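Okay, structure first, notes after.
The values are calculated or read from the model by the stated rules, or taken from the named source; none is laboratory data. No experiment lies behind these values; they were computed from the predicted model shown. Methodologically, a virtual Cβ is constructed for each residue, glycine included, from the backbone with ideal geometry; neighbour enumeration extends over all protein chains shown. These accessible areas exclude ligands, DNA and RNA; they are computed on the full protein's heavy atoms, side chains included. Shrake-Rupley method; radii C 1.70, N 1.55, O 1.52, S 1.80 Å.
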Amino acid sequence: MSTVALEMPAEHYTEKIKELKDQKNAVILAHYYQRPEVQDLADFVGDSLELSRKAQETNADIIAFCGVRFMCETAKILNPTKRVLHPNPESGCPMADMATVQGVLELKQKYPEAAIVSYVNTSAEVKAISDVCVTSANAVKIVSKLPHKQIIFVPDMGLGNWVKKNIPDKEIIIWRGFCPPHYEFGLSDLKALREMHKNAVVAAHPECNPKVLEHADFVGSTSQIINFATTTDAKNIIVITEVGLKHVLYKKNPNKNYIFPEAMNYCGSAVYCCTMKGVTLANLYTTLKDEVNEVILPLDIIQKAKKPIEYMLELSK
Ligand code: 13P
Ligand code: SF4
């Protein structure tokens with residue numbers, strides 16, 4: 001059920017949302033790609049791995065999850081007795097939608113010895129048939145810890161190729177899915193940005209095209225990019241990931257200059273995820289007030305999908 005955007009100033013929502021959160025013992029979790037005003041209001045902002053950990057630890061009765069559907073599903077799988085609310089149930093991840101249970105099972109028939117490794121950016125149903133989940137922060141670490149020599153990696157070609165490059169002794173069979181905002185940013189786009197900012201270093205998310213990753217100075221998840229930006233001596237950093245990360249980068253290190261591929265500052269392709277931006281203060285407010293947009297999953301799927309997520313959390317310690 002979608003919610004209607006109300007015409008009220010941001011401060012009004014902020015105050016009302018804080019009141020509702022206290023009244024209802026709710027916690028607000030938000031991904032780094034969320035709108036700045038949503039990030040500012042959240043109790044915790046993080047990458048996919050950190051958010052899964054927070055979802056596992058929380059004592060709140062309600063989790064209002066500001067992110068895309070697979071993230072809300074992960075929170076529900078880890079907390080089946082809690083109410084997980086998704087402010088915009090239409091906000092899915094196009095890459096997660098590219099992997100099907102049927103297709104993954106066909107691959108497993110072809111490679112029966114292989115482990116099925118699912119990026120958390122998958123549906124609960126795909127997780128339910130997986131051996132282990134990974135995020136961009138731990139994929140290389142987890143795949144290298146598995147005893148399997150053959151890996152079916154679902155659904156991201158960008159991260160899959162990055163894992164393959166870092167673990168050359170395993171056979172990685174990669175599903176041909178991709179993140180449209182990251183993958184469509186090409187090498188010519190990167191060259192154009194480098195040309196405009198000659199003294200900048202480049203940090204890129206592993207969902208990017210392998211050609212872009214080859215030319216990056218640093219490759220990592222959103223939280224790893226934040227760490228890199230904090231510790232590098234470089235003052236100018238080209239950041240190839242979704243533009244939502246800019247907000248936290250400036251908050252943490254305001255004295256540096258972050259260059260994102262945005263339509264305004266150059267003529268190449270921008271890295272902007274429309275569905276991540278589908279959560280607003282207005283729909284977060286209505287969702288909490290009316291306690292609607294609850295994430296509901298079948299119990300058997302929850303039980304099966306919990307195993308690979310918990311296995312990931314254990315292996316990534
Ligand atoms: P991370 O924050 O885990 O790097 O994930 C990025 C992403 O695309 C989430 O949809
Ligand atoms: Fe999906 Fe890419 Fe958007 Fe993340 S940034 S939610 S992977 S489409």
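Within the range 280-317, the residues that satisfy the criterion of being open to solvent by less than 30 Å² (accessible area, probe 1.4 Å), more than 30 Å from Ile17 (Cβ to Cβ) and of a type outside the set (A, V, I, L, M, F, W, C) are Pro308, Ser316. Of everything in the range 209-227 that is more than 11 Å from ligand 1 (Cβ to nearest atom), of a type outside the set (A, V, I, L, M, F, W, C) and in a loop (DSSP other than H, G, I, E, B), the residue that is farthest from Met95 (Cα to Cα) is Asp217. When Thr81 is tested against (1) part of a strand (DSSP E or B); (2) more than 16 Å from ligand 1 (Cβ to nearest atom); (3) among the polar types (S, T, N, Q), only condition (1) is not met. Consider Asn253 carefully, then state whether it is open to solvent by less than 80 Å² (accessible area, probe 1.4 Å), among the polar types (S, T, N, Q), touching a helix residue (DSSP H, G or I) at 6+ places or on another chain (Cβ under 6 Å) and within 15 Å of ligand 2 (Cβ to nearest atom). So Asn253 fails the test.
Considering only residues of the range 18-33 that are under 9 Å from Val45 (Cβ atoms) and part of a strand (DSSP E or B), which is farthest from the chain's Cα centre (by Cα)? So, considering only residues that are under 9 Å from Val45 (Cβ atoms) and part of a strand (DSSP E or B), the one farthest from the chain's Cα centre (by Cα) is Leu29.
The set of residues from the range 62-82 being free of Cβ contacts under 8 Å to residues at least 40 places away in the same chain and touching a Leu at 6+ places or on another chain (Cβ under 9 Å) comprises just one member, Ile63.
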